[in-house]
Amino acid sequence: MAGKRKPKIAVWKFASCDGCQLSLLDCEDELLAIAGAVEIAYFPEATRTRLKGPYDLSLVEGSITTPEDAARIHHIRRSSKALVTIGACATSGGIQALRNFSDVKDFISIVYAEPAYIDTLTQSTPIGEHVAVDFELRGCPINKAQLVEVITAFLAGRRPKTPAHSICMECKRRGTVCVMVAGATPCLGPVTHAGCGALCPAYGRGCYGCFGPMEVPNTEAMSGAWKALGASEGEVMRVFRNFNAWSAPFRTESEAHEKEE
Amino acid sequence: MGQGMEQRLTIEASGLDGLFAVLEERGFTVVGPTVREGAIVYDRLASPADLPRGITDEQDGGVYRLKKRDDDALFGYVVGPQSWKRFLDPPVKRLWRAERDGSDFRIVPEEVPREAFAFLGVRSCEIHAMEIQDRVYIDGEFKDPGYEARRRSALIIAVQCTVAGGTCFCVSMNTGPKSESGFDLALIEVVDTERHVFVIEAGSPRGREILEALETRPSEASELAEAENRIADAAARMGRTFDAEGVHDLLTQNLEHPRWAEVAGRCLSCANCTMVCPTCFCSTVEDVTDVSGDHAERWQKQDSCFTMDFSQLHGGIVRSSTRSRYRQWLTHKLATWIDQFGVSGCTGCGRCITWCPVAIDLTEEVAAIRANPPDAVEPHRRGKP
Ligand code: SF4
Ligand code: SF4
Ligand code: SF4
């Protein structure tokens, strides 16, 4: 790919908090190298430049929550050679997918003075439910080192390395003592996708599942372990109903505990 | 190498300062037990003040708690979440770098480590674990130069077990609680209202040289008797037992036993058991490049047969069910390891039981398979890992 023109990158935002895009801006040193290696064609958070597609790589943040966005993502897909979703919103619907478990009309009437101005979908859904996605980068927010890895891998034409095993392996490699076994602290690490480097357990906290379900999550056994440590049905339901609530394994598990409550 | 007839010597607990000084003089980095994050972990120690004085560990399946002892014992606990393999074979390490050089590239090898460790407080099961890993990293056709350098320079100061943990079963595996060989020095801690001493013996010329530099006195008969008593007491109080008789054939002939599916229902596939096991040796390599494409590095990371990538071959993942992954771990550890290396892969340290978040216990799993008659399925994969 070297030699000719620089690859064009675009960064798109849907329903999200911008935290994942900020991770890209936070890559200071790497960003200079990235900026030298690519052409930033569209990234409103960082630049007013707005180049027309097609784009070699589109990074998509956020979930689909409105009819316009549901249409816009198809345009982006059509003008992108590769489309990579970044963060929990884009890969699983985000925290705003909590609406999927209730009736969104109830929220609208409570929150907005003029509900008539609100045009929204009943559900918040990940990008992958609307268009084909080439790679999904997990995390709420994403880990900036992993973002650099994804962009670098794309530029080099190789597969990014973002292992899908448990958080536990990250704890053990860094030498963090298991908070669940040694501290009786409920932790989602065993069912959570690696990527953060086991941040919370390193500070004595249980994992909140920011990176979503790992490759083979046994959520039922996980819930059993939480209950053995004293968590109630409601607590188990809520812990799976977080930033990745709409990911299939976490959704199924939280629903199982909703019924039992 | 322990020469039984040698005169036994004693040092006072306060004499451990002298031991640290002697080790430092000889250029060793002392690594040993210390309390961190609610557990006794192995780390670099500055002085005996870093040791877990008066602390013990209570262990059971999925449970580990530190407790105060009613004495000042420095080694009155069993084994923690880590093992010495963390130092002999670091879990994450760079193997080499590559730099672009015009249209070619240049490999920059990683330097062989020069730091010499003195491991203080090595248990009998842990010496066995090192010897098992030696077969993997040193004795085979392909050596790991980093491991070999660290292992050959490391000084082993054993501490004989005088308490047994809730998940220990070294007696069943013939690996403890008393170290008979494989150490440079061995200590037995004797602590009661009147004394706090260590009976000390050398197991190698290197150990003997260090012993001679220490302030010692001949052991009193009562100290020796008490020391032996305490080891015997530990042997009698194993938290678990394991029937190792014929376990190779039992497992390899029961690959379709219903118990595998049953345990798979409980298992999280989290890999903690393999990560804490002192003999597991699997790793993966990751090649990384930077944005410029001018630098590349190869990193080695501790891996586990519980991940999907582990069995990713051309065309797909071979062990996609937890049933097959749990079976891989257990059959490798207890059965096919013997085919591969001539010994069992299990030392009976109990870590995989304690540190499993859902308390899966390999001694129970094997007992359950043993309790039910073989399922009469053809042993078609017999002996294959
Ligand atoms: S299999 Fe379990 S008990 Fe055996 S050596 Fe490994 S961690 Fe210890
Ligand atoms: S049990 Fe699994 S992780 Fe351990 S050495 Fe065997 S294959 Fe490797
Ligand atoms: S046996 Fe326990 S520690 Fe091992 S993978 Fe299964 S749940 Fe995790």
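A few comments on the model shown:
- Selection from the stretch A:181-194 of residues that are facing chain B (nearest Cβ under 7 Å) and either open to solvent by 10 Å² or more (accessible area, probe 1.4 Å) or closer than 21 Å to B:T34 by Cβ (or both): A:V181, A:A182, A:G183
- Filtering the stretch A:85-95 to residues that are surrounded by 23 or more Cβ atoms within 10 Å (Cβ to Cβ) and in contact (Cβ under 8 Å) with a residue 60 or more places away in the chain leaves A:I86, A:G87, A:A88, A:C89, A:A90, A:T91, A:S92, A:G93, A:G94.
- Evaluation of A:R173 against the conditions (1) open to solvent by 20 Å² or more (accessible area, probe 1.4 Å); (2) away from ligand 2 (no atom under 16 Å from the Cβ); (3) of a type outside the set (V, I, T); (4) not in a loop (DSSP other than H, G, I, E, B) shows that the sole unmet condition is (2).
- Residues (assigned to a helix (DSSP H, G or I) and of a type in the set (D, E, K, R)) located in the stretch B:192-207: B:R206
- Candidate set from the stretch A:152-173 (those that are of a type in the set (K, R) and within 20 Å of the chain's Cα centre (by Cα)); member that is nearest to the other protein chains (Cβ to nearest Cβ): A:K161
- Count of the stretch A:139-181 residues which are charged (D, E, K, R) and touching a Pro at 6+ places or on another chain (Cβ under 9 Å): 5
- Of all residues in the stretch B:344-358, exactly one satisfies the criterion of being within 12 Å of ligand 2 (Cβ to nearest atom) and open to solvent by less than 10 Å² (accessible area, probe 1.4 Å), namely B:G345.
Residue-wise test of (1) more than 17 Å from B:V276 (Cα to Cα); (2) touching a Lys or Arg at 6+ places or on another chain (Cβ under 6 Å); (3) within 13 Å of ligand 3 (Cβ to nearest atom).
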residue	(1), (2), (3)
B:E297	yes, yes, no
B:K301	no, no, no
B:S304	no, no, yes
B:D309	yes, no, no
B:H314	yes, no, no
B:R319	yes, yes, yes
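- Hits in the stretch A:1-38 - residues which are more than 14 Å from every other protein chain (Cβ to nearest Cβ) and either part of a loop (DSSP other than H, G, I, E, B) or over 29 Å from A:C210 (Cα atoms) (or both): A:K4, A:R5, A:K8, A:F14, A:S16, A:C17, A:D18, A:D26
- The sole residue among B:V31, B:V41 that is open to solvent by less than 10 Å² (accessible area, probe 1.4 Å), touching a Ser or Thr at 6+ places or on another chain (Cβ under 8 Å) and assigned by TED's automatic domain parsing to the domain that holds B:A186 is B:V41.
- Answer residue from the stretch B:251-265, given it is away from ligand 1 (no atom under 16 Å from the Cβ) and more than 30 Å from A:L188 (Cα to Cα) and is surrounded by the most Cβ atoms within 10 Å (Cβ to Cβ) among those: B:N254
- Restricting the search to helices (runs of 4 or more DSSP H) fully inside the stretch B:272-350 and requiring at least 1 residues that are away from ligand 1 (no atom under 16 Å from the Cβ) gives B:322-331, B:337-341.
- Here A:V104 meets each of (1) open to solvent by 60 Å² or more (accessible area, probe 1.4 Å); (2) under 30 Å from A:H257 (Cβ atoms) with one exception, condition (1).
- Residue list for the stretch B:266-294, restricted to those being more than 7 Å from chain A (Cβ to nearest Cβ), under 20 Å from A:E215 (Cβ atoms) and open to solvent by 30 Å² or more (accessible area, probe 1.4 Å): B:C282, B:S283, B:T284, B:V285
The values are calculated or read from the model by the stated rules, or taken from the named source; none is laboratory data. This structure is a prediction, so every number in the text was calculated from the model and none was measured. Here Cβ is always computed from backbone atoms with ideal geometry, including for glycine, and neighbour counts include all displayed protein chains. Accessible surface is based on the protein model in full, side chains and every heavy atom, while ligands, DNA and RNA are left aside. Shrake-Rupley method; radii C 1.70, N 1.55, O 1.52, S 1.80 Å.
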